[in-house]
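Remarks on the structure that follows.
Read the figures in this text as sums done on the coordinates, not as results from a lab. All values reported here derive from a predicted model rather than from experimental measurement. Positions of Cβ are backbone-derived with ideal geometry, glycine not excepted, and every protein chain shown enters the neighbour counts.
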Amino acid sequence: MALSTHAYKGARDFYPEDKRLQKYMFDTWRRVVESFGYQEYDAPLIEPVDIYLAKTGEEIVNDQLYAFEDKGGRKVAIRPEMTPSVSRMVAARRQELAYPLRWYSIPNLWRYERPQRGRLREHYQLNIDIFGVADISADHEVILVAERIMKAFDAPAGSYEIRISSRKLVNYFFRDHLKLDDKQFHDASKLIDRWHKIEKADFEAQAKEILPVESYYQQLLVVLNSRNLDDLPAELKDHASVNELSKLMKLLGESGVDSAGFDFSVIRGMDYYDDIIFEVFDTSPENNRSMFGGGRYDGLVGLFGVEPLPTVGFGMGDVTLQNFLELHKLLPELEPEVDATVILIGEVYEKAQPVLAELREAGLNLAVDATERKLDAKIKNAAKAGMPGVIFLGEEELSNKTFKVKHLGSGKEKVLTRDKLLKHIDQWVSGEFES
RNA sequence: GCGAGCGUAGCUCAGUUGGUUAGAGCGUCUGCCUGUGGCGCAGAAAGUCGUGGGUUCGAGUCCCAUCGUUCGCCCCA
């Protein structure tokens, strides 16, 4: 029985054209976050399973963790998210690191799920976190970074929106104001998460199931329909979390983030979030979903036995981003980072070596075709491989010290001396020869 | 964990109520063209119809199982 050529279920092979796209996305991420002073870190793919038990969402740990025992009997898991790992790393050097600490990473993460659109078993995720800032400036910065990333991918205004809420406000409204018990609170939280997704009638029916008093439904509606903080009912407006949200909105407005707004339905899956939370939504009807999000989790670092550390961060997955970019036609044409194939004519492989070395030294990325196929086949293959051009090298060129170069995009051809070729590498690559 | 659709050539797919040697387009290879690609013309190679059972005189087609894949639910990125 032949071996399968498929990649493992829910995981992807990255052929060079896929890798170019991945590099484009990663490079864009890096450029933006590094412009805010974030530094890259990394951690092992495998962690002790314990670090996920306390605060990662229930379903992820129970059903979606790649967990196993190693040969030494240790219970370990492939990371389903990066936040516990970075919290562990920061906790380990809690006293010696300089705050505010700005770190990012682009880990690959694994969750055992049924693959579907926008969700695979292995994905990559940009994670950024700022540690040691308790005030709203950290929340502001992180959301601003998210916004700048969307702009860096040329996402047009209106193609996405940033929805912001506060777990403290949700807690206050459900727990203190409506006096919901644990189960009601849990169910209500899950329900409002689906506010934008399900029919209003279904929402009403389910809400009335959960809420102990019928009139609470109307109160919930008012809160969910509040597109800005002034629309909130008076009894919520005075809560401290609203004051914080209000400061945050003002800061975002002043820094040009016009895609952000208050939305009480934002919940986030992870249990560790404990204050401001946000999600970035694709607004197109074909893909109306949460692309990524994050928030404040002041309690997580402290779980590692050190003084707690205020933290804000977010994670942005490559799969959902790619869906977004494809849908909005924002993917650039990416070419291989090779300048040319040098087509050797005749028995010149050995004699060509010093010339090739010189051209490479000068900065050209050159592949060599020393096969004995016919010339047209070699040109066809260079074109098929996506090469910008070819350089012909035979006895004639070697003895004259000239290069016949052909730009495959334009079909233009020119004979250049070695000096001219070296001097005009840029023009050569773009097909604009100088005479 | 639950539900639905789809698996036919390297790729995208067609294949009639079950009926001889299973087709197309693209791609590949050869020639037209011995140092010049993309277009054209002529020709060629390439498929145990995902796999295993079953029904039938006869299965790519119907049934069951299984694997793969896609989509939805749950959950989430």
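Descriptive notes on the structure:
- Filtering the range A:281-312 to residues that are assigned to a loop (DSSP other than H, G, I, E, B) and either touching a helix residue (DSSP H, G or I) at 6+ places or on another chain (Cβ under 9 Å) or closer than 18 Å to A:ARG194 by Cβ (or both) leaves A:THR283, A:SER284, A:ASN288, A:ARG289, A:TYR297, A:LEU300, A:GLY305, A:VAL306, A:GLU307, A:PRO308, A:LEU309, A:PRO310.
- Residues in the range A:178-232 that are among the small types (Gly, Ala, Ser) and without any contact (Cβ under 8 Å) to a residue 40 or more places away in the chain: A:ALA188, A:ALA201, A:ALA205, A:ALA207, A:SER215, A:SER226.
A quick yes/no check of all residues on (1) closer than 23 Å to A:LYS423 by Cα; (2) more than 42 Å from the chain's Cα centre (by Cα); (3) of a type in the set (A, V, I, L, M, F, W, C); (4) more than 8 Å from RNA strand B (Cβ to nearest atom):
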| site | (1), (2), (3), (4) |
| --- | --- |
| A:GLY363 | yes, no, no, yes |
| A:ALA370 | no, no, yes, yes |
| A:GLY386 | no, no, no, yes |
| A:LYS401 | yes, yes, no, yes |
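- Taking the criterion of being among the small types (Gly, Ala, Ser) and either more than 21 Å from A:LYS423 (Cα to Cα) or assigned to a loop (DSSP other than H, G, I, E, B) (or both), the only residue of the range A:343-361 that qualifies is A:GLY346.
- Restricting attention to the range A:285-340, the residues being surrounded by fewer than 23 Cβ atoms within 10 Å (Cβ to Cβ) and within 30 Å of A:PHE403 (Cα to Cα) number 7.
- Flag if A:THR320 is over 30 Å from A:GLY294 (Cα atoms), among the β-branched types (Val, Ile, Thr) and under 38 Å from the mean Cα position of the chain (by Cα): no
- Filter result for A:VAL405 (within 15 Å of RNA strand B (Cβ to nearest atom), more than 30 Å from A:ASP154 (Cβ to Cβ), free of Cβ contacts under 8 Å to residues at least 60 places away in the same chain and surrounded by 13 or more Cβ atoms within 10 Å (Cβ to Cβ)): no
- Screening A:SER399 against (1) assigned to a helix (DSSP H, G or I); (2) within 12 Å of A:SER430 (Cα to Cα); (3) not aliphatic (A, V, I, L, M) leaves a single unmet condition, (2).
- Residue identified as crowded, with 18+ Cβ neighbours inside 10 Å, part of a loop (DSSP other than H, G, I, E, B) and either within 16 Å of RNA strand B (Cβ to nearest atom) or under 19 Å from the mean Cα position of the chain (by Cα) (or both) among A:PRO80, A:PRO84: A:PRO80
- None of A:GLN116, A:GLN95 is within 16 Å of RNA strand B (Cβ to nearest atom), more than 23 Å from A:VAL49 (Cβ to Cβ) and among the polar types (S, T, N, Q) except A:GLN116.
- Pairs with Cβ under 6 Å, 6+ apart, first in the range A:3-19 and under 14 Å from A:TYR112 (Cα atoms), second near RNA strand B (Cβ under 8 Å from one of its atoms) and not in a loop (DSSP other than H, G, I, E, B): A:ALA11/A:GLU122
- Residues in the range A:250-280 that are part of a strand (DSSP E or B) and more than 10 Å from RNA strand B (Cβ to nearest atom) were compared, and the one that is nearest to A:MET150 (Cα to Cα) is A:ALA260.
- Matching residues in the range A:20-49 - criterion: being charged (D, E, K, R) and either exposed (fewer than 13 other Cβ atoms within 10 Å of the Cβ) or assigned to a loop (DSSP other than H, G, I, E, B) (or both): A:ASP27, A:ARG31, A:GLU40, A:ASP42
- Of the criteria (1) surrounded by fewer than 18 Cβ atoms within 10 Å (Cβ to Cβ); (2) within 16 Å of RNA strand B (Cβ to nearest atom); (3) more than 16 Å from A:GLU47 (Cβ to Cβ), which one A:LYS71 fails: (2)
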